[in-house]
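Written below as structure tokens is the structure these notes are about.
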Amino acid sequence: MHQTNASPQNIVILTGAGISKESGLDTFRDADGIWSKVRLEDVATPEGFQRNPALVQDFYNDRRAQLDHADITPNPAHQALAHLEREWPGEVLIVTQNIDDLHERAGNRNLLHMHGELLKARCDSCSNLFQWAVELTVETPCPSCSQPGGMRPHVVWFGEMPLEMDRIYRMLEECSLFMSIGTSGNVYPAAGFVSHVRQMTTAHTVELNLEPSTGSTLFAQTIYGQASEVVPAYVEKILSEGLPG
Ligand code: BV8
């Protein structure tokens with residue numbers, strides 16, 4: 001493994017719905033994706049929740065229940081990233097847009113969910129946050145303040161501020177490798193991370209996706225194929241040869 005005596009090289013990995021597709025979870029913008037079945041405005045905005053909270057709660061109840069299915073498990077792409085976190089001498093941070101728990105179940109620990117988590121809920125009345133694996137309805141009382149009507153999925157909707165942005169930008173500015181996996185590059189601020197890395201660092205940037213994303217020309221390297229094939233291969237390559245350039 002190629003190693004210099006310089007400070008350890010850190011890796012930041014952005015993941016999107018494409019990394020979970022082969023685990024059986026739908027993406028958003030593929031032809032059969034989630035946004036082909038429901039309108040984003042109705043289920044993934046605060047206005048939609050205001051207008052029809054039961055519709056939004058059911059949308060997330062269905063997706064939360066799906067995570068319980070025995071056939072929904074981490075795929076080789078998730079496992080390769082857990083292997084990379086264990087074996088890489090520098091820091092490996094996964095910034096996921098996904099709200100599933102497949103990175104955790106694969107074994108990644110240094111991970112943050114910038115769009116929230118399906119298995120957490122919070123109370124808008126008292127702001128407490130809870131692990132939540134069951135159904136949530138408009139009548140569900142808050143376990144902490146007992147108020148009904150305030151519980152919502154701990155998920156970032158359009159128009160809401162993604163989570164931990166300061167930490168994300170700090171890590172982007174200190175990385176030597178930025179990997180983008182399984183995202184179409186349509187949603188900001190995540191879609192802007194590669195430009196931020198190029199402006200602020202000399203890091204290598206690579207996109208691993210089924211097809212070119214909206215921002216594919218911004219990456220120094222692009223690798224196309226199924227995540228469960230291209231991600232393990234790329235991880236093995238950098239573990240044995242070090243980072244390109
Ligand atoms: C915000 C909810 C600011 C959870 C989601 C410019 C700058 C800043 C903001 C904006 C801007 N322009 C517009 C905005 C607003 C907006 C936005 O970006 N709109 C878009 C539609 C234009 N952004 C926001 O509102 C964000 N907030 O900016 O706040 C702010 C400032 C001040 C004060 C307040 C706020 C919030 C964004 C988060 C929204 N919530 N989801 C949920 O229900 O899941 S986003 C939604 O899209 C998903 O959560 C997902 O995380 C995200 C990205 O989708 P992808 O993961 O990329 O999935 P997609 O289906 O698109 O693509 C899958 C890819 O995988 C494809 O390329 C496919 O080819 C590939 N693939 C498929 N199979 C495989 C594969 N690859 C490999 N292997 C395979 N097998």
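So the values come out like this:
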item	result
Positive-end residue, the chain charge dipole about Cα centroid, Cβ charges, pick of VAL56, LEU172, PHE158	LEU172
Segment VAL138-ALA220, length gained on full extension (0.36 nm per residue, minus Cα span)	24.8 nm
The chain - Rg over Rh from alpha carbon coordinates, Kirkwood radius	0.98
Residue exposure sequence - SER213, SER176, SER127 - by fewest surrounding Cβ within 10 Å	SER127, SER176, SER213
Filtered trypsin sites (Lys or Arg not before Pro), the stretch 50-94: DSSP coil and at most 11 other beta carbons within 10 Å	none
Sorted peptide list for 10-16, 220-226, 190-196, criterion being average Cβ within 10 angstrom, highest first	10-16, 190-196, 220-226
Taking the stretch 76-197 and dividing mean pair separation by its residue count, relative contact order in percent (alpha carbons under 8 Å, at least six apart)	18
Contour minus Cα-Cα distance for PHE130 and GLU47 (0.36 nm per residue)	27.6 nm
Cβ-placed point charges (K, R +1; D, E -1), dipole of the chain about Cα centre in debye, nearest 20	340
Dipole-positive endmost among SER216, SER20, SER195 within the chain (Cβ charges, Cα centre)	SER195
Top of PRO189, PRO232, PRO153 by mean-square fluctuation, Gaussian network on the chain, Cα under 10 Å	PRO189
For LEU243, residues with placed amide H under 5 Å, excluding near neighbours	none
Residue order, fewest to most beta carbons within 10 Å, for LYS37, LYS120	LYS37, LYS120
Net charge dipole size for the stretch 130-183 [Lys, Arg +1 and Asp, Glu -1 on Cβ; Debye, nearest 20]	40
Spacing of the two label points (7 Å from each Cα toward its C-beta) at TRP35 and LEU243, in nm	3.1
Unit charges on C-beta of K, R, D, E only; dipole of the stretch 18-164, Debye	160
Cα-based shape type of the stretch 69-136, given that a ≥ b ≥ c are square roots of the gyration tensor eigenvalues and the cut on a/c is 1.5	oblate
Calculated [θ] (222 nm, deg cm²/dmol) that DSSP helices of n ≥ 4 give over the chain, each run adding -39,500 (n - 2.57)	-8500 deg cm²/dmol
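Bear in mind these aren't lab numbers, they're just calculated from the coordinates by the rules spelled out. Since the structure is predicted, the reported quantities are computational estimates derived from the model, not experimental observations. Reconstructed Cβ throughout: ideal geometry from the backbone, glycine too, with neighbour counts over all protein chains shown.
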